[in-house]
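Trainee: One structure is given below, represented as structure tokens, and several questions about it will come after.
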Amino acid sequence: QNPVDLSDLRSNDKLQRTLETDIAELGYNYRRKKDVASSSDSVIPLSVAAQAIYAIWKERPHLAKFKRKELFGSLYDQVYTNDLNAAQVVIAVLIYRYCDNQRRKSLLIDQFPHIPYSNYFMSMIIGKLLLLNTGIPLVKLTHQNFEEVKNYFENKKETLFEQANSILITALNSLYNEDYTKLNMERLSAAFRRGDLYNEISINN
């Protein structure tokens, strides 16, 4: 089976139906099933949500990127846990989309060679910084404080990105014990397939 078939099979789960209803209350359209592509920022496809959740809140950025076919298979119960709520899904998607857009910017790529490969890791770090800076732990991120967290992210996303960039560069240099910019493209891209990069990431209060 291909991943589209698996996601369609999962789309009628009770949790998926609940998320669809709850996400609509936040002003977004959660597409549980394969549909015509939409460029609207308010539309959240199931596949995008799964990658964002697994990379950011479940802290598995390397698997979210390179095990996408399994997010609705063997990894499904790790992605869509019973404590997951609509506010967490939407915030994760907002972070993920912002970082995905940044990786396309040539000026950033020229300055920071990791940018084309690192968006999942950058998303995870920004998620951590966002919770830290707002003083709201993930379990407390709900409908009640959704607008507060969303507004903080929208107002501070450039700063958060800069902070995450600095943290990630430190982790890369530590992992390879050298200036990461000296790595060739193959070694650099390989860093983001490796779980050991995660262990080098340090986020201090």
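The values are calculated or read from the model by the stated rules, or taken from the named source; none is laboratory data. Remember, predicted model here, so these are calculated numbers, not experimental data. Virtual Cβ from ideal backbone geometry, glycine too; neighbours counted across all protein chains shown. Surface areas here come from the heavy atoms of the whole protein model, side chains and all, with no ligands, DNA or RNA. Shrake-Rupley method; radii C 1.70, N 1.55, O 1.52, S 1.80 Å.
Trainee: So what is the relative contact order for the chain, in percent, with contacts set as C-alpha pairs under 8 Å and at least six apart?
Mentor: On the way: 229 pairs, mean separation 38.4, N = 205.
Relative contact order comes out at 19 percent.
Trainee: Shifting gears a bit: Using a cut-off of 16 Å between alpha-carbon atoms, which lysines can reach residue 157, once sequence neighbours fewer than 8 places away in the same chain are excluded?
Mentor: Of all the lysines, those that pass the test against residue 157 - Cα under 16 Å, at least 8 places apart if same chain - are 105, 128.
Trainee: I would also like to ask the following. For residue 33 and residue 173 in the same chain, what is the full-extension length gain: residue separation times 0.36 nm, less their Cα-Cα distance, in nm?
Mentor: Details: separation 140, 0.36 × 140 = 50.40 nm, distance 4.13 nm.
Here the answer is 46.3 nm.
Trainee: Let me ask you something else. Beta carbons within 10 angstrom, averaged per residue: use that to sort the peptides 140-149, 118-127, highest first. Display every interim value, and only then the final one.
Mentor: Values: 140-149: 14.9, 118-127: 26.5.
Put in order of decreasing packing, that is 118-127, 140-149.
Trainee: Right, another one. Need one number: nm distance between label points at residue 139 and residue 66, each 7 Å from Cα along Cα→Cβ, rounded to one decimal.
Mentor: Between residue 139 and residue 66, the simple spin-label model gives 3.2 nm.
Trainee: Ignoring ligands, DNA and RNA, what percent of the 1.4 Å accessible area of the chain is carbon and sulfur?
Mentor: Answer for the chain is 46 percent, counting heavy atoms of protein chains only.
Trainee: Which three numbers, in whole Å and largest first, are the semi-axes of the equivalent ellipsoid of the chain derived from its Cα gyration tensor as √(5λ)?
Mentor: Values: eigenvalues 158, 79, 46 Å².
Result for the chain: semi-axes of 28, 20, 15 Å.
Trainee: Going by the alpha-carbon gyration tensor, a ≥ b ≥ c the square roots of its eigenvalues, is the range 64-149 rounded (a/c under 1.5) or, if a/c is not under 1.5, prolate (a/b greater than b/c) versus oblate? Let's see the in-between values first.
Mentor: Numbers: a/c = 2.61, a/b = 1.29, b/c = 2.03.
Because a/c hits 1.5 or more and a/b fails to exceed b/c, the range 64-149 counts as oblate.
Trainee: Going by average Cβ neighbours within 10 Å, how do the peptides 90-99, 165-174 rank, with the highest at the top? Walk me through the intermediate numbers first.
Mentor: On the way: 90-99: 23.7, 165-174: 18.2.
Order by mean packing, descending: 90-99, 165-174.
Trainee: Now for a separate question. Nearest 0.05, what FRET efficiency do residue 132 and residue 24 give at R0 = 41 Å with Cβ-Cβ as r? Let's see the in-between values first.
Mentor: Working: r = 29 Å, r/R0 = 0.71.
The calculated FRET efficiency here is 0.90.
Trainee: Work through the residues other than residue 138 whose Cβ is under 14 Å from its Cβ and net out their charges, Lys, Arg +1 and Asp, Glu -1. Write down the numbers at each step before the final one.
Mentor: Values: positive: 58, 128, 140; negative: 59, 83.
It works out to a net charge of +1.
Trainee: Give me the extension gain from residue 108 to residue 82: residue separation times 0.36 nm, minus the current Cα-Cα distance, reported in nm with one decimal.
Mentor: Working: separation 26, 0.36 × 26 = 9.36 nm, distance 3.79 nm.
Going from the current span to full extension adds 5.6 nm.
Trainee: For the chain, what does the accessible surface come to per residue with a 1.4 Å probe? Please give it in Å².
Mentor: Numbers: 10420 Å² over 205 residues.
About 51 Å² of surface per residue is accessible.
Trainee: Further question on the same structure: So how far, in whole Å, is the C-alpha centre of the range 135-205 from the one of the range 36-115?
Mentor: So the two Cα centres are separated by 14 Å.
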